[in-house]
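**Student:** Below are the structure tokens for one structure; questions will follow.
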Amino acid sequence: MTWREVTKNAQCLICGKGGWCGRSDDGAARCTRVSDPPAGWRLVKRNVDDGTVFRRDDELPQRSPRASGPKPAPKPAKCAKTWLTMDAVIKAAAR
Ligand SMILES: [Zn+2]
């Protein structure tokens, strides 16, 4: 894993600062200021002198992010369709 130091243009994903912390090429974040994972992140490793390593909570090792978890079910549109159908029936009956 390669670490790159954060810059003002690519700030730390954890504390939002533009220096001292690091970002890895595979999406992990290493923060030298924050030791507790923020919402949506989990703690991977706490280094004594090199910051704390975090990874995104929804990121599973050796799996693509798309493969994680079932897809949310589409919202049912039956209700609206039923009403439209009934409306059409009423209109047809009124003729
Ligand atoms: Zn940081």
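Read-outs throughout are calculated quantities, based only on the coordinates presented, and are distinct from any laboratory measurement. These numbers come from a predicted model, not from an experiment. Backbone-built Cβ (ideal geometry, glycine too); neighbour counts: all protein chains shown.
**Student:** Near the amide H of Trp41, under 5 Å away, which other amide H atoms are found, from residues 5 or more places off or on another chain, if H is placed in the peptide plane?
**Tutor:** Distant-sequence amide H within range of Trp41: Asp57.
**Student:** Under 1.5 on a/c is rounded, so check that first for the stretch 1-60, then, if it is not, pick prolate when a/b is larger than b/c and oblate when it is not; a ≥ b ≥ c are the square roots of the alpha carbon gyration tensor eigenvalues.
**Tutor:** In terms of gyration-tensor shape, rounded.
**Student:** Would you mind ranking Ile14, Ile90 so that the residue whose beta carbon has the fewest other beta carbons within 10 Å leads the list?
**Tutor:** Values: Ile14 24, Ile90 9.
With the fewest neighbours first, Ile14, Ile90 line up as Ile90, Ile14.
**Student:** Arrange Lys71, Lys17, Lys45, Lys91 by Cβ neighbour counts within 10 Å, fewest through most, would you?
**Tutor:** Details: Lys71 6, Lys17 15, Lys45 12, Lys91 9.
With the fewest neighbours first, Lys71, Lys17, Lys45, Lys91 line up as Lys71, Lys91, Lys45, Lys17.
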